[in-house]
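What follows is a set of notes on a single structure, which appears directly below.
Laboratory data are not the source of any read-out in this text; all were calculated from the coordinates shown. Please read all numbers here as calculations on a predicted model, not as lab measurements. Positions of Cβ are generated from backbone atoms using ideal geometry, with glycine treated the same way; all protein chains shown enter the neighbour counts.
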Amino acid sequence: MAVQNSVVPSLERALNIIEYLSGRNEAVTLKQLSKELDIPTASAFRLIKNLVNRGYVTEVSGGQTAYLLGYRIMSLAASHERNSSLQTTAKPVMQTLANQLGQTAQLAIWRNGSLLYIDHAFSSAPLSVIAPLYEPVSVNVSASAKVILAYLPENERMAAVEQCTFPNLTKNTITDPSDFLQEIEHSRTSGYGFDNEEFSLGIGCLAVPIFDGKKACIGALGITGSIQAYRQKQTFREMLDALFDASAKITQGLGITQI
């Protein structure tokens, strides 16, 4: 038997589904997927359910059940992302920033409609609560999400807000979509995002955008630590200035000339 020429139909179809979803920016219904890939509906349903159970596909509830690429793919791609030019360039800048401010520095990106932290740099100051890497974070509790959403096209921004479940993590968490849209607008006009104990009590976070040469936001650089530092006006300003400087260094390190 020529093993190299063997094809497993169900595996082939599952991979076709993953590749198809990876090229879509919006959720796809079972009917669409079945038609586009020429897979019988019953077979497509069984494959999708298995992929959902394994985390390779995410089910989106609403008026009609639809599907997006799952976050398991992001986890598998972590080693590749770690070597990406953005992460490689940002890492030494983040470590310097963390040491300078005594805060944990964070690097975030927007992928497939979700905010993901892809790297951390720690200072000597202990921090008991921090968002995990390569796992989607609810946008209403993230300073990085606020600032990235501020620079997304309106249709993508509204889609992200509509899909958010608005978990209530602390007494300061923003749980109303209208209030959150106002917060995003404030991030756009001020140029930074701020988490005021919205993710965890006692923890604050500041984040600024990382731009490419066309002023498109390609990620966010943030710091997080004890809320006490963020309540001191002078310290807040100094940390924000340091963030803006660090973001500019990352852009320059990528070989991008800002215009």
* **Percentage of interatomic Cα-Cα distances in segment 12-159 larger than 26 Å** => 36
* To do: Report the charge-dipole magnitude of the chain in Debye, nearest 20, computed about the Cα centre from +1 at each Lys and Arg Cβ and -1 at each Asp and Glu Cβ.
  => 380
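Give, in nm to one decimal, the length gained when the segment between residue 37 and residue 73 is fully stretched (0.36 nm per residue of separation minus the Cα-Cα distance). Provide the component values of the computation, followed by the final result.
Details: separation 36, 0.36 × 36 = 12.96 nm, distance 2.02 nm.
Full extension from residue 37 to residue 73 adds 10.9 nm.
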* **Relative contact order, percent, segment 182-259 [alpha-carbon distance under 8 Å, six or more residues apart]** => 26
* What FRET efficiency do you get for residue 181 and residue 7 if R0 is 45 Å and r is their Cβ-Cβ distance, rounded to the nearest 0.05? -> 0.40
* **Karplus-derived HN-Hα couplings along segment 229-240 (A = 6.51, B = -1.76, C = 1.60, θ = phi - 60°), whole Hz, x at Gly and Pro** => 5, 7, 8, 9, 3, 5, 5, 4, 5, 5, 5, 5
* List the residues whose amide H sits under 5 Å from the amide H of residue 69, counting only those 5 or more places along or on another chain, with H placed 1.01 Å from N in the peptide plane. => 58
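Could you list the square roots of 5 times each eigenvalue of the Cα gyration tensor of segment 128-178, that is, the equivalent ellipsoid semi-axes, sorted largest first and rounded to whole Å? Write out the running numbers ahead of the final one.
On the way: eigenvalues 72, 40, 18 Å².
For segment 128-178, the ellipsoid semi-axes come out as 19, 14, 10 Å.
Per DSSP H run of n ≥ 4, the term is -39500 (n - 2.57); total these for the chain, divide by its residue number, and report the mean residue ellipticity at 222 nm rounded to 500 deg cm²/dmol.
Numbers: 11 runs with 121 residues, N = 259.
Value at 222 nm, helices only, nearest 500: -14000 deg cm²/dmol.
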* **Gap separating the Cα centres of segment 165-229 and segment 103-123, nearest whole Å** => 12
* What is the Cα coordinate range of segment 110-239 on the first, second and third principal axes, sorted by size from largest, in whole angstrom? -> 39, 36, 29
* What Kirkwood radius, in Å to one decimal, follows from the Cα pairs of segment 187-259? -> 12.9
* Asked: How far, in nm, would the chain grow between residue 163 and residue 49 when pulled straight, counting 0.36 nm per residue and subtracting the alpha carbon separation?
  -> 39.0 nm
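Hey, what's the Cα Rg ratio for the chain versus the globular rule of thumb, 2.2 N^0.38 Å? Walk me through the numbers on the way to the answer.
On the way: Rg = 20.3 Å, N = 259, 2.2 N^0.38 = 18.2 Å.
After normalising by residue count via 2.2 N^0.38 Å, the value is 1.12.
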* To do: Take the chain, connect every pair of alpha-carbon atoms lying under 10 Å apart with a spring to form a Gaussian network, then pick out the residue of 187, 123, 61 with the largest mean-square fluctuation.
  => 61
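What FRET efficiency comes out for residue 189 versus residue 65 if R0 is 51 angstrom and r is the Cβ-Cβ distance? Round to the nearest 0.05. Could the numbers behind the result be given before it?
Details: r = 38 Å, r/R0 = 0.74.
E(calc), rounded to 0.05, equals 0.85.
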* Cross-link partners of residue 215 among lysines (Cα-Cα below 28 Å; sequence separation of 8 or more within a chain) -> 91, 146, 249
